[in-house]
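Asks: Please read through the structure below; I'll follow up with questions.
The values are calculated or read from the model by the stated rules, or taken from the named source; none is laboratory data. Worth saying up front: this structure is predicted, and the values here are computed from it rather than measured. Cβ sites come from the backbone with ideal geometry, for glycine too, and all protein chains shown count toward neighbours. When the accessible area is computed, the model is the full protein with side chains, heavy atoms only, and any ligands, DNA or RNA have been set aside. Shrake-Rupley method; radii C 1.70, N 1.55, O 1.52, S 1.80 Å.
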Amino acid sequence: MAKKKALFASPFVPVEEQPYPIPENWCWTRLGNMTKIIGGGTPSSKVEEYYKDGNIPWISPADLSGYSDIYISHGAKNITKLGLEKSSAQLLPFGTVCLSSRAPIGYVAIAKNELCTNQGFKSFLPAPCYMPKYLYWYLKGNKELLESYASGTTFLELSANKASLVEFPLAPLTEQQRIVGRIESLFAKLDEAKEKAQAVVDGFELRKSAILHKAFTGKLTERWRKKHGVCRESWSITPLGELTEIQSSKRIYKEEYVEAGIPFFRSSEVVELNDFGYTEPQFFISSSRYEEIKLQYGVPEQGDLLVTSVGTIGKTWIVDNRPFYYKDGNLTQVKQCSALNMKYLQFYIQSEGFKEQIRNSVAGSAYNALTIVKFKKIEIPVPSREEQSAIVGALDRVFTQERQAKEAAEAVLTQIDTMKKAILARAFRGELGTNDPAEEWAGELVKTVI
């Protein structure tokens, strides 16, 4: 009898190596003690007969990228029986848990039917000691643990030998079933909340576009006009070049850059100022060169508008009081003027009306650029300066509320992901309140398969 106990001692993880405490009727074992771990293979792509008219599902890690279902029935490709025979791929039965083991490690799905995988998987065949979904959820919540067993220089890879050593908290089968049910019940509620929060995030740009449309068709300030006795017909549609001066900078050559001095902005700096309100300049020109340009040609003044004009068109920044210069061609300078509130123009550049004119102006062109000539022809709806200010104030208020709603929804999404990780961590510690200590020790399950 003592000899038999010694035989079964090795499948269990020694106490000093156990990652964390679990209920007394659970046991710590290793994945390789529960089932057979199978690799995959790829038939040669040079042999047409291995793929043409194939009816054997064959999956790669790419098939699981963004995949959210628990079960998978097929991937992008099938292989033939000959392709299966002529490669190291193996036919896996329903219920096999398929784990991507490289590039990246951690995608998981359960085979919904017979299928095979490429060599980027380590797959766990069904066994009487565990429920496939129980293993599925454990692997989903333990990407870092799996990566800790991987090795490689170009990319990490989890070998079959290493995968077999991964510690696994095995619960009694009935408890496994309860845990899976509890996880899926909690996740269903979280997914419902996530769907609502994601809808708020995804709808931000659509709502923003609709609000801007109202602003530049006059609907946003209908009450303002009524209150102030102004009619919609007071608006004009005027080419921007007739309202203000549009210009570029004098060319600065690479040899004129210095290590420190006056910041020199390119499109990337203006994009950062547009998106984040902050930028860390990468290039500079000397103060003497800046003063020379300022004296001869002038430099941007506070209140002017810079607009990105090549590639990413339409990112804007209203110039503040900092001294700087900018790259010709990539950025266009719109001078402040009495006819336009620069924030009003900044908002209009974000609107679909502006974007449609840009699309029309660059249609058929291989070079996506907003030239000064094209920019001058852009037509702007122009109300009075007073109404422009009213529009800017209304947009500021509405967009502040919209941004706050979006940020709150993004925080919910982050919180949901954190909660899911916490649920999985608690599940495999026996902390979901489902365990029955009277049930038989799970170690007996391991003994049935070794």
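Asks: Given a 1.4 Å probe, how much area per residue of the chain is accessible, in Å²? Display every interim value, and only then the final one.
Replies: Numbers: 23710 Å² over 450 residues.
Per-residue accessible area for the chain comes out at 53 Å².
Asks: Which percent, nearest 5, of DSSP beta bridges in the chain are antiparallel?
Replies: Numbers: 40 of 46 bridges.
Among the beta bridges of the chain, antiparallel pairing accounts for roughly 85 percent.
Asks: Right, next: Do the sum for the chain: with -39,500 (n - 2.57) for every DSSP H run of n ≥ 4, divided by all residues, what is the mean residue ellipticity at 222 nm, to the nearest 500 deg cm²/dmol? If you can, show how the numbers build up before the last one.
Replies: Working: 17 runs with 181 residues, N = 450.
My calculation for the chain gives -12000 deg cm²/dmol from helical runs alone.
Asks: Which pairs, out of LYS227/LYS406; LYS294/LYS327; LYS226/LYS374; LYS86/LYS122; LYS194/LYS355, put more than 26 Å between their alpha-carbon atoms? List each step's numbers first, then the result.
Replies: Working: LYS227/LYS406 32 Å; LYS294/LYS327 15 Å; LYS226/LYS374 36 Å; LYS86/LYS122 19 Å; LYS194/LYS355 32 Å.
Beyond 26 Å: LYS227/LYS406; LYS226/LYS374; LYS194/LYS355.
Asks: In addition: Run down the aspartates and glutamates and flag those whose C-alpha is under 13 Å from the C-alpha of LYS254, throwing out any fewer than 8 positions away in its chain.
Replies: Those aspartates and glutamates meeting the cut-off are ASP328.
Asks: Within 10 Å, count the other beta carbons around each residue, average over each peptide in 321-331, 99-109, and list them highest first. List each step's numbers first, then the result.
Replies: Working: 321-331: 16.5, 99-109: 22.6.
Answer by packing, highest mean first, reads 99-109, 321-331.
Asks: Within region 145-213, report the chymotrypsin sites (Phe, Trp or Tyr not before Pro) that DSSP leaves as loop and that have at most 15 other Cβ atoms within 10 Å.
Replies: Numbers: sites: TYR149, PHE155, PHE187, PHE204; in loops: TYR149, PHE155.
Qualifying residues, ordered by number: PHE155.
Asks: At a temperature of 20 °C and a viscosity of 1.002 mPa s, determine how fast region 207-284 diffuses translationally according to Stokes-Einstein, using the Kirkwood radius over alpha-carbon pairs as Rh; express D in µm²/s, rounded to the nearest whole number. Could the numbers behind the result be given before it?
Replies: On the way: Rh = 17.0 Å.
D, rounded to a whole number, is 126 µm²/s.
Asks: Here is a follow-up. Would you work out if region 148-203 is rounded, prolate or oblate? Take a ≥ b ≥ c from the square roots of the eigenvalues of the alpha-carbon gyration tensor; rounded if a/c is under 1.5, else prolate when a/b is larger than b/c, oblate otherwise.
Replies: Oblate shape, in that a/c is at least 1.5 and b/c is the bigger or equal ratio.
Asks: Please give every one of the lysines within straight-line cross-link reach of LYS189, meaning a C-alpha to C-alpha distance under 16 Å, and leave out same-chain neighbours fewer than 8 residues apart.
Replies: Within the straight-line cut-off, LYS189 pairs with LYS420, LYS421.
Asks: Hey, another quick one. In nm², what is the average projected area of the convex hull enclosing the Cα atoms of the chain? Mind showing how you got there, number by number?
Replies: On the way: hull surface 131.3 nm².
If I average the Cα hull's projected area over directions, I get 32.8 nm².
Asks: Next up: Straight-line reach from LYS196: which aspartates and glutamates fall under 20 Å, measuring Cα to Cα and dropping same-chain residues less than 8 apart?
Replies: ASP69, GLU184, GLU205, GLU402, GLU407, GLU410, ASP417
Asks: Which of the peptides 124-130, 383-389 is most tightly packed, and how do the rest follow, going by the mean number of other Cβ atoms within 10 Å of each residue? Walk me through the numbers before you get to the answer.
Replies: Details: 124-130: 19.4, 383-389: 17.3.
Result, highest mean first: 124-130, 383-389.
Asks: Something else about it: Among the GluC sites (Glu not before Pro) in region 12-41, which ones are in a DSSP loop with at most 15 other Cβ atoms within 10 Å of the Cβ? Mind listing them?
Replies: On the way: sites: GLU16, GLU17, GLU24; in loops: GLU24.
For GluC sites (Glu not before Pro) across region 12-41 that sit outside H, G, I, E and B with at most 15 neighbouring Cβ atoms in 10 Å, the list reads GLU24.
Asks: Among the GluC sites (Glu not before Pro) in region 105-162, which ones are in a DSSP loop with at most 13 other Cβ atoms within 10 Å of the Cβ? Mind listing them? Don't skip to the end; give the middle numbers.
Replies: Details: sites: GLU114, GLU144, GLU147, GLU157; in loops: GLU114.
Sparse-neighbourhood loop GluC sites (Glu not before Pro): GLU114.
Asks: Over region 200-312, what percent of the accessible surface lies on carbon and sulfur atoms, probe 1.4 Å?
Replies: 51
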